[in-house]
1. Per residue of the range 266-272, what does 6.51 cos²θ - 1.76 cosθ + 1.60 with θ = phi - 60° give for ³J(HN,Hα)? Whole Hz please, x for Gly and Pro, Karplus curve as stated.
2. List the relative contact order of the range 260-454 as a percent without decimals, with contacts defined as Cα pairs under 8 Å and 6+ residues apart.
3. Could you tell me the relative contact order of the range 1-84? Use alpha-carbon pairs under 8 Å, at least six residues apart, and round to a whole percent.
4. With respect to the cross-link table entries Lys277/Lys433; Lys189/Lys433; Lys142/Lys364, which display a Cα-Cα separation exceeding 23 Å?
5. Taking the Cβ of Phe8 as the centre, find all other residues whose Cβ is under 10 Å away and add up their charges (Lys, Arg: +1; Asp, Glu: -1).
6. To the nearest 10 degrees, how steeply does helix 395-412 sit against the main Cα axis of the chain, on a 0 to 90 scale?
7. Using alpha-carbon positions, what is the distance between the centroids of the range 191-228 and the range 288-334, in Å?
8. With a 10 Å radius around each residue's Cβ, average the other Cβ atoms per peptide and rank 59-66, 396-403, 301-308, highest first.
Amino acid sequence: MRKIDLVFRTVGERTSEIALNLAIKHIAPDRVHLIDNVTPFSRAVQRMLEISYHADFVVFVDADCLIMEDMREFLDTNTQPYVDCYVLDRFRGRIHAGVHITRLDVLQAMQQVRVAKNDIKYILRPESYIRHLAMEQLDYSKAAAPFKIYHDFCQYYQDVFAKYALRELRSRTPEHGARLNRVMHSWPKEELDFVVARHAVQYTRDAVSPYRSEREVDEFIASLPQIAQREIATMALPEKPPLSIEEVEMLEPQFGHLMRGRNEKIFGIGLSRTGTKSLTNALDILGLTVAHNPVDEITFIELASGRYNLSVLNNTAGFDGITDIAAAAFYPQLDSSYPNSKFILTLREKEAWLNAMEHHWNNKPIFEDVPGQESKLKMRRFLRASIYGLYTFNRERLAYAYDRHHEGVFNHFKHRPDDLLVLNICEGEGWEKLCPFLEVPLLPGPFPHVRRKNLISGITGSVRV
């Protein structure tokens, strides 16, 4: 068995005591490190990086996470350097947040990272930003795994306020702003948790101008506990009583069905470099949890052995689909395995695509012996061979694979036009085609166009193929 440390972080949330007990029960750690009431969060991150760890993996758990299933078997078999855990969030549906599985070499790299304190990315997301820099230095991709974890349920009102004031600050990009506005639109009007969260968002929009300096934003974040306490008092809301285990046990019959995935899936079957990351982010904004090129060992074994009822798509995992060439290479088999699913073919003009692929492949060799990258490189070789028939760039062969793929897709769906959407994100197509296809209301605002330089790779551990 691997040595596993647990780092539990709390600022006195209503769930703290029960969440800690559940984390110890379901992680079975060798050591527990408690970071108690250290604010702001950047200081808690500094504290956790000062700890001397003697473990193979460290699981960081926030006190707003109620872990409801055993994680130890996964922890003893996982090889990924960093795994974000998908959870069911009270306000945003299935997201990855609150529980982070980090291999020791990643953590040691994080301990060496130095960032300027006035860096707005660090101010807003200190832990994820430091980890991103460390992962980039190591050339690692992040992975994700879904567990039965309830996030932000049963919280004190003042903690809800502080969280959603910070959430508004973190959402000041077109993509994240659209996602926040969408989920707010779906919130119940009368439930007090959502009333408080909505008030926190509006308060922050009024109080913190988009043109505030980094120092002013940092000061606002540091003062959030006091602001939250004051605002809850002005709303004349009596605070909730201490949490009971009976209240936690009632979550399963009320919300457990939301942990399970859709029977019908969504597959983005465009080739790499055709806007697949933008499509993945758009589906995420629409509340659909989609894996962008899953790189885990289990998915590789299943695809390589011709087993297309994928673990990443089963009802326990809860993912709603897959995008990029992990789906593109096997769309007929996935269509057979998941009846009534939807397929989205992203397009790009062929010469522009070939130029992008040449640059992309020439910078991504596949035969290097890189410690910790074995799984990713194995998947990269497998997928390149499966759909392109080669490992290294050849313009003539890739042009042939491009034509063959599109011809095959159109022939496969020629009698089922309602099951296939052709989407040219690179030419500006977006919500006006995607939303009607998925039978959801048209989303206002810009479509998310993901550029590689702005991407922290992958929802489930993207493998650049």
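Rule-based calculations on the coordinates, nothing more; no lab input. Being a predicted model, the structure only gives us computed values, none of them experimental. Note that each Cβ is placed from the backbone with ideal geometry, even for glycine, and that neighbours are counted across all protein chains shown.
1. These are the phi-based 3J(HN,Hα) values: 10, 10, x, 10, x, 6, 4 Hz.
2. Result for the range 260-454 is 28 percent.
3. 47 percent
4. Among Lys277/Lys433; Lys189/Lys433; Lys142/Lys364, the Cα-Cα distance tops 23 Å for Lys189/Lys433.
5. -1
6. Result, in degrees: 80.
7. 39 Å
8. 59-66, 396-403, 301-308
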